[in-house]
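Visitor: Here it is, the structure, as structure tokens.
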Amino acid sequence: MSNNIACTHCHLEFDASVMIVDEDKYFCCNGCKGVYHLLHDNGLHSFYEKTRSTVLTPQTNIFEDSHNFDASSFYDKFVKTNKDGFNEVSLVIVGIHCSACVWLNEKALQKMDGIIEANINFTNNKASIIWVDEVVKLSAIITMIRAVGYNAFAYDATVQEIQANAKRKEYYLRMVVALFASMNIMMIAVAQYAGYFTGMIQEIKTTLNVAEWVLSTPVLFYSGWIFFRGAYYGVKNKIVNMDILVATGASLTYIYSIYITLREQGEAYFDSVTMIITFVLIGKFLEVLSKKHAADALDVMGKHIPSEVNIFKDNKITLCKLNDVCINDIVVVSSGEKVLLDGDIIKGSGNFNESNLTGESEPIFKTLGDSVISGTVSIDADIHFKATKDFEHSTLSSLVTLLESAINKKPKIEQLANRLSEYFSSIILGLAFITFVVWWYWPHDFETSFIVGISVIVIACPCALALATPVATLVGLSLGAKRGILFKEAAQLETMAKVDTLVLDKTGTLTVGKPEVTNETIHKVFDKNILYSLVKASKHPVACGVRNYLQENNLLDEYILDEYSQIPACGIKALYKGTILLGGNAKLLFENGLNIDDENASTKFYFVIDNEIIASYDLSDTIKENAHHMIKTIGNKNIDIIMLTGDNERVAYKIAQEVGIKTIVSQQTPEGKATFINKLHKEGKVVVMVGDGVNDILALAQADIGIVMGSGSDIAVDVSDVVLLDDSLHSLLDAFKISRTTYLLIKQNLGISLLYNAVTIPLAMAGYIIPLIAAISMSVSSLLVVGNSMRIRLQWNKN
């Protein structure tokens, strides 16, 4: 007679002679006793209702001292202070296996004094914890996590990426094995199917069955392991998922086929085993690719930030690590360099490109006492500035933090097939069991009832249901790629099809993003080679616009100028063969004794020789081709269109009028754009955001779909969901058409799959379909779905 008893906490059985008794409770050790009382003292006793059938494996690790988490070095690297003054950290919880584990950790932390928020993502076990450091220390939080049987360490995006890469490779290997075995089995199956109808001696049939047995075994137990694992957790959490149906159908078919092979009578269906596993595994592989993309996006901005800056110290310029720069240090920035810290200019002046942050299309002139913002670019300024913030609290660093938060909170798209599969799988298993029982009682034959039951499962295998979405989306993705439209994930096609609001940035999206000459006024005939030589050496956007205009309309030669200087916020001054040349705005002319009455002088470029105005050029940011047509066509699809820009209201209104946009939101910061997108979400809108610069990345990340032009900044391209490689607004229109057509095909495929099952399952239950015909029918249903998905190619080829 056994003298074992189950522990009240972990449910492990142990010898009653060593038990620890506490009232009417029995514990295998003091650790379990302590955790039990900890849970009850904090009102978390319902944890045992969620784990009554689960054995809790006790932690045997020897953990490092939790007080190490309070070290200043750890805080500097991993702990951040949010806008409310609370501390925030991201941890990875070790030991989480199910939703009950998540529930326990969240509740245990939320019960602690000083904890403001504790959320755990079950997909990657990442915990986001916000707390008041004066009330509770991080070491106490770690101790609590360990006390309930888990461990924690700091979240590192690079480690997460390594794990995502490893998982992708694992799925790839499993899929390769499945595909290799399936192709070989199907060659053998051709002979078997032919023999079924024309006749084949049993000895040859058995030999072929054994060959298929050998090939299908690694497919089922290696490639199909993920389905068995998913089925295990489904049963553990009382959820009937698609993995249970796949594992059940494949396993029963495999077992029955072994029985037939050994008995040497009847038909084996090892080919069905490999088909079931291979088809569904392809869909699983696509999911892994999506998770890999998410891991890449989390650390996207860090690789675009230089690690060192120049500082002026001890009367010399030296390199210093970005994170080591302190407030009041003097930072040196040369023309063409990016400003990485916030500060005030103490020496020098010049123009700065702030379009990456503010959306303002024209350069901003700054001089002594003006503030510079991290993330902007010096056009022609060589300056020294005094840092007013360290990098951790800089504008650029704040953008990084907000971006990571925005990506983590991006809405997750749940595929329609997965929403149906839970009910579908439960119903099929129930019908298969009922069929088996009925046929067992009549005609009371195990083999017959077993074959009919397997037929129900095999004919209803969710291959067609699993293929309904990925095949259609892959066809849509290939069509997009051919037209210069890059969807980074298949799920984005479905999301984009549901969009009801389109938000457009102005500069670089609706417009070209580069000033172009719209009008040339010649006051006196002159040698255009002289003007070309004047503007060619300048990197100023206005000068570049004039230079491009001259190159397009003339065959030019470059002259060597005797003297040359760029005057910040004014223009260019040079000397050529004794004549004084000026090229720039009205301010430059005024400083050289020429007065002009022109309200729009800031958008004009004047060319002057010896104090005489020779020519003038009007410049503006040109609207992209097909902009008005694109706005009108998308608006006719019941989609609200909004212009969201950092530019001033006058310029924004002018562009909006020309392209036909009625709703304008101007003068927005990057944070303001993201806030506006969130406001639309709260109103129940499904939002597409289209932009091209760093100033758009927060809004791109917050939107359901972020679309960026291929010529946009590297960071914006990395963060976006869709890239228009040819920068064409016509491609944006095509993206909407492809997504809506693809989503329609997905719904049609699901309809085909469900209609097929509605017809064939009753026939299988009635015994009219043997497993062989069931396997063929299952393949036919998959071919119907694939064939329907291919129709999108025919439709677009006609267009």
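The values are calculated or read from the model by the stated rules, or taken from the named source; none is laboratory data. All of these numbers come straight from a predicted model, not from anything done at the bench. Please note: Cβ atoms are built from the backbone with ideal geometry, for glycine as well, and neighbour counts cover all protein chains shown. When the accessible area is computed, the model is the full protein with side chains, heavy atoms only, and any ligands, DNA or RNA have been set aside. Shrake-Rupley method; radii C 1.70, N 1.55, O 1.52, S 1.80 Å.
Visitor: Mind scanning LYS482/LYS737; LYS632/LYS654; LYS83/LYS662; LYS338/LYS366 and naming the pairs with a C-alpha gap bigger than 23 Å?
Guide: Details: LYS482/LYS737 14 Å; LYS632/LYS654 17 Å; LYS83/LYS662 35 Å; LYS338/LYS366 15 Å.
As for pairs spanning more than 23 Å Cα to Cα, those are LYS83/LYS662.
Visitor: Please work out the Cα center distance from segment 629-665 to segment 124-146, rounded to the nearest Å.
Guide: 47
Visitor: Ranked from the most accessible area to the least, with a 1.4 Å probe and all protein chains present, what is the order of HIS393, HIS384?
Guide: Values: HIS393 105, HIS384 30 Å².
So, going from the largest accessible area down, we get HIS393, HIS384.
Visitor: Okay, next question. Please give the peptides 518-529, 681-692, 749-760 ranked by average Cβ packing (other Cβ atoms within 10 Å per residue), highest first, as a rough proxy for protection. Walk me through the numbers before you get to the answer.
Guide: On the way: 518-529: 12.7, 681-692: 20.2, 749-760: 17.6.
Per-residue Cβ counts within 10 Å, averaged per peptide and sorted highest first, yield 681-692, 749-760, 518-529.
Visitor: Let me ask something else about it. Starting from the 7 Å offset along Cα-to-Cβ, what nm value, one decimal, do you get for the label separation of GLU612 and ASP370?
Guide: 3.5
Visitor: When Lys and Arg each count +1 and Asp and Glu each count -1, what net charge do the other residues less than 15 Å away from ILE327, Cβ to Cβ, add up to? Walk me through the intermediate numbers first.
Guide: On the way: positive: LYS313, LYS386, LYS389; negative: ASP324, ASP329, ASP342, ASP344, ASP390, GLU392.
Charge balance near ILE327 sits at -3.
Visitor: A further question on this structure: Could you calculate the FRET efficiency of HIS628 with LYS126 from 1/(1 + (r/R0)^6), where r is the beta carbon distance between them and R0 is 35 Å, rounded to 0.05? It would help to have the intermediate numbers written out before the result.
Guide: Values: r = 45 Å, r/R0 = 1.30.
Rounded to the nearest 0.05, the efficiency is 0.15.
Visitor: With every protein chain present, what accessible area does HIS67 have (1.4 Å probe, heavy atoms only), rounded to the nearest 10 Å²?
Guide: HIS67 exposes around 120 Å² with every protein chain in place.
Visitor: What translational diffusion coefficient, in µm²/s and rounded to a whole number, does the Stokes-Einstein relation yield for segment 476-575 at 20 °C and a viscosity of 1.002 mPa s, taking the hydrodynamic radius as the Kirkwood radius over Cα pairs?
Guide: Details: Rh = 17.7 Å.
Estimated via Stokes-Einstein, D reaches 121 µm²/s.
Visitor: Exactly which GluC sites (Glu not before Pro) in segment 164-265 are in a DSSP loop and have at most 16 other Cβ atoms within 10 Å? Write out the running numbers ahead of the final one.
Guide: Values: sites: GLU170, GLU203, GLU212, GLU264; in loops: GLU264.
Answer in residue order: GLU264.
Visitor: Could you work out how far apart the two model spin labels at ILE201 and GLN667 are, taking each label as a point 7 Å from the Cα in the direction of the beta carbon, and quote it in nm?
Guide: 9.4
Visitor: Something else about it: Which of the peptides 330-340, 80-90 is most tightly packed, and how do the rest follow, going by the mean number of other Cβ atoms within 10 Å of each residue?
Guide: Peptide ranking by packing, descending: 330-340, 80-90.
Visitor: Which of the peptides 699-709, 141-151, 69-79 is most tightly packed, and how do the rest follow, judged by the mean count of other Cβ atoms within 10 Å per residue?
Guide: Details: 699-709: 28.4, 141-151: 19.3, 69-79: 14.1.
Highest-to-lowest ranking by the protection proxy: 699-709, 141-151, 69-79.
Visitor: Hey, another quick one. What FRET efficiency would be calculated for the residue pair GLU264, THR217, taking the C-beta separation as r and a Förster radius of 22 Å, to the nearest 0.05?
Guide: Values: r = 19 Å, r/R0 = 0.86.
Computed FRET efficiency for GLU264 and THR217 comes out at 0.70.
Visitor: Sticking with this one: So if we plug the beta-carbon distance of SER334 and ASN119 into 1/(1 + (r/R0)^6) with R0 = 60 Å, what FRET efficiency do we get, rounded to 0.05?
Guide: Working: r = 44 Å, r/R0 = 0.74.
FRET efficiency, SER334 to ASN119: 0.85.
Visitor: A further question follows. Tell me the accessible surface of LYS737 in square angstrom (1.4 angstrom probe, heavy atoms of protein chains only), to the nearest ten.
Guide: Looks like 80 Å² after rounding.
Visitor: How much net charge surrounds PHE385 when only other residues with a Cβ under 13 Å from its Cβ are counted (Lys, Arg +1; Asp, Glu -1)? It would help to have the intermediate numbers written out before the result.
Guide: Working: positive: LYS347, LYS366, LYS386, LYS389; negative: ASP329, GLU337, ASP342, ASP344, ASP370, ASP382.
Spelling it out: positives minus negatives among the neighbours equals -2.
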